[in-house]
Structures are given as structure tokens and as C-alpha cells.
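Okay, structure first, notes after.
The values are calculated or read from the model by the stated rules, or taken from the named source; none is laboratory data. The structure presented is a predicted model; accordingly, all values stated were derived computationally and were not measured. Counting neighbours? That spans all protein chains shown, and the Cβs are built from the backbone with ideal geometry, glycine included. For the accessible areas, the whole protein counts, side chains as well, though only heavy atoms, and no ligand, DNA or RNA atoms are used. Shrake-Rupley method; radii C 1.70, N 1.55, O 1.52, S 1.80 Å.
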Amino acid sequence: MKNSALAWIGHPLTVISVAVLLLNDHLFKSLWPGLVTGKLSDVAGLIVAPPLVNLLIGHPCASVLLTGAAFTLVKTTTIGAALASQAWTLFWGPSRVLADPADLIALPALYVAWWIWKHPDVRAVRLARAVVVIPVTVLAVAATGQVEIYKPYSAYAVDVIDDVIVVATRGGLSPGPSVGAGFASADAGNSWSRWDGPVPAVPKMSACVPGRSENCYRIVPTRLKVEESRNGRWVTAWEISPGDQDRLARAHAPEYPEHTEAVASLGIAVGKLSGGYVVVVANGADGIALRDASGSWRRLGWTEKGFDSSNAVSLTAPGRYPDSLPAVALLAALAAGLVTLGCGVRRSDFAKAALALWVGVWAFHSGVNTPILFNPFAVLFAAVLVPAGVTVMIMSAVRGGTRPRVWAIGTVTAAVVYYAIMTPFYVWSTGELEYYTSAVGLSVTLGLATFSTGVLAAIKLRDPRRDVS
């Protein structure tokens, strides 16, 4: 057992690396977030992963090379990071692994793993001990994957403390400083940095200019809007229209719906600075809004160090609809085309084959868009249903003497239905439609109208003398 897989995974240095992973991911990163703790998990993971891989493939050299190749792929490519994220999500819940080429600095740790294999500790080779170490090692590596969970940033409260603007935020990678973290600016919002001091725990709905109780500001709940008191009444000082606010909310849509943060004014603060005063508003996922001493308002979007107006989502940028929408529209259009053909052919075997074809296309789409990116069972199922469905449809239509015009109507119906569904969303994305819900309603209406037109045209062309049950 001197050079056995158990000796490798049970080596004292491997066990120490497991302990480092557990402590770093569950304790050190929370206490001291930064470069050192960020890279420490990469180094320890590269020492621990090869002996785990070796348990599966039984080839030490290949295990080291495979670990290095996988780590490089994940850290240098978007698809690699996405695959890793989806794998961790499948087994350990919502996770996000980020591509960061700088992490490749940890690759020399693979030499340590190889050295451990070449220099086993015979005293450590105890089957009972290995039985304990293996599951702990797996859990430690899994914990590293779970750590990379990203939640969108949200500014939920603001204050001005001794001429310093402080914005309380939540979000970012977990574990880490999510609730209670903040950013600060000592130059009226021109530059920002991380803030380690106290942050406002409860957002304020209104605030007045110090020394001028008659000059106050307040936010409007659920809106991106601020009102100012003038001559005893409240007037709008700054706002984003409801339509633009709806577009911003969709621009900030998170990867996981449960991580959705509000895009609305949540807190406000007023501070008197040299040359005037500033008003700062926490706008949730959209960042903050700032009124400078000159009276000008601007939105500031998120950066790694705080906020900047250049990072604010442009109100003229195309609206963002769900990435899955075109695929859903395509499936709906295919269904419309097949039903239209069915109404023209009027044969039960054709209808069954058309249903099999649609199910096959749906299975293929589902198979290549799962949390693990690829579901071979769904794809194989589709590979059987789609050819079979197409073959039986053609044979049934030929036996029924279907007119070519029926095929043309079915094809055109599918194409028109697709664009009827998608066009309202294209129009909404350009800003011509104000609300996303308007695009949804118009899409459903146009889709049903074009589908109904196609069905009626197919029925009208059907030759009753050729009906076959």
C-alpha cells in the first residue's frame, strides 16, 4: 500500500490541505476577505483534487494533468466557469464559479500534489483512517464550490457621517461581508472606497438639509423617485419613469429568482458639505442617485470599489427580456405549425406523429438546457422521437393526399407565429412599448390571432373527399 491511492489521500499534507480548505472557506474568508484567503482555497484545492480524481481513474499522472487542465479551463473561459457553476448547482445547490485568470498563479500547487504521491507516508496508510478522510475531503472540495455563490449588490440605506457619504450594501460572493458591508466617499461622491466603519442599519424615508428644516427630501415607496418640499408642498425633485424603472428592473434580473433585489428608492440622506449640500438615495440593485452641491442629479452604478456614473445602466440601452424567451417562442411556433398541418391533413396517425415530433424537440431543448448543461437521456429520447415523428407525418400526409398548399400554410403559420410572439418584445426592448407586461399581452394576442388564421386557412383548403380516419 506504499503507493496506493489511499496512501495519497491519507498523507498528512493532503489531510492538512483538507483542513485548510474547510477553515478558509468557512471561517477565514469571512474574517479576512481578500487576495490571500481567495487564493488559499485554490492552492489547497489543487493539492486535494488529484488524489480524489485518482480514486476514480487510478492513474496518478493523468489525475494531476486532468486537474490542472480542468482548473485552467474553469479559470480562463466563460464556458468552463459556467460548466463548473452548473455542476456545483446540481449537487450542492445554487452556486457560481467565476472565471479569473489570476487564479492560475496557484497551479504550482499541483507539483506539491505530485510530490506527495511520490513520497508516501507509510505510517499514514491505514484503511480506517482513509475511510474517514475520503468523505471529509469530498465535502471540503464541495464546500469550495458552494462558496462561490454570487448575489447581486443592493444599496439599501445611506447616511452622511462627518462629511462622508456612507452607503450600506448587501450582496456579493458568499460567505463574506454581505449584510452590513458598505462603501464611502469623502469627496461628495466623486470617488469611492470600501467602508469598514458602522453603516446605517435602518433606511430613512426622508431627511432635511442640516440647519434648514423647511428644506427636506423624501423618497416615494416602490418608485425611483425623490420629492422635495417647496413652499409647504411636495414636488418632484428627481425620478425615473415607471416604464424605465421596469426596464431597469429587468436589466438587473439575477441568475436565480430568489436573489432578486428591488430596483426602487429604499433610503435617503442629506449632508451639508462645503459649497452646499448633497442628497444621496439608495436605489437597491440599480445603485444610488446623487444630487451634488450644484443641484444636478445623476445615477451611479456599481463598480468593484463603489459607484460610478459611467456604470449606471443606460436608459436608452435595449431592454433585456429572458434568455429563454426565443426558445419558448420557437416551441410555441412549432406547435402552431403542427396543429395547422393537422387540421389540413385530418388523420389520427399524423396527429400522433406530430405530437411525438413536438415532444422530441422539447426533450432536446430540455436536454441541452439543464443545470448540468447536457442530459444524455433527454437527447437520446429526442433522437428517437424526432426522426420517427417526421417520417410518420410525411407518410401519413402522402397517404391522405395532402395538398402542397397545406404544407405551405403550416410552415408559414409557424414562422409568422414565432415573429408575432417575439416582435412585441423586440419593440419593448427598443423603448417603443413602455411596459414589459404590455409586450406580454400583445405577444399573446398576436400569437393567437396568427395561429387561428393559419388553422382556418388550412381547414378551408382541406378537401372533404380525401378525409381518412
Check: Looking at (1) closer than 20 Å to V328 by Cβ; (2) open to solvent by 50 Å² or more (accessible area, probe 1.4 Å), which is the only condition W428 fails?
Finding: (2)
Check: Identify, please: which residue in segment 229-275 is among the basic types (K, R) and out of contact with any Pro (no Cβ under 7 Å at 6 or more places or on another chain) and is, among those, nearest to L433 (Cα to Cα)?
Finding: R247
Next item on the list: Under 8 Å between Cβ atoms, at least 6 apart or on separate chains: pull out the pairs that start in segment 357-378 with a residue that is aliphatic (A, V, I, L, M) and end on any residue that is at pLDDT below 70.
Entry: V368/F374; V368/N375; I372/Q86; I372/A87; I372/L90; L373/Q86; A378/T370
Notebook entry, point to check: Of the residues in segment 278-309, how many are of a type in the set (F, W, Y) and open to solvent by 20 Å² or more (accessible area, probe 1.4 Å)?
Noted result: 2
Note to self: Just checking, does segment 322-335 include any residue being within 30 Å of V226 (Cβ to Cβ) and part of a loop (DSSP other than H, G, I, E, B)?
What the structure shows: no
Margin query: Under 9 Å between Cβ atoms, which residue pairs at least 6 apart in sequence (or on different chains) link something in segment 186-204 that is closer than 22 Å to Y277 by Cβ with a partner that is of a type in the set (K, R) and in a strand (DSSP E or B)?
Written below: G189/R298
Notebook entry, point to check: Here are some conditions: (1) of a type outside the set (A, V, I, L, M, F, W, C); (2) touching a residue at least 40 places away in the same chain (Cβ under 8 Å); (3) buried (at least 16 other Cβ atoms within 10 Å of the Cβ). Y435 meets all but one. Which one does it not meet?
Noted result: (3)
Check: Can you tell me how many residues in segment 244-279 are in contact with a strand residue (DSSP E or B) (Cβ under 7 Å, 6 or more places away or on another chain), assigned to a loop (DSSP other than H, G, I, E, B) and hydrophobic (A, V, I, L, M, F, W, C)?
Finding: 4
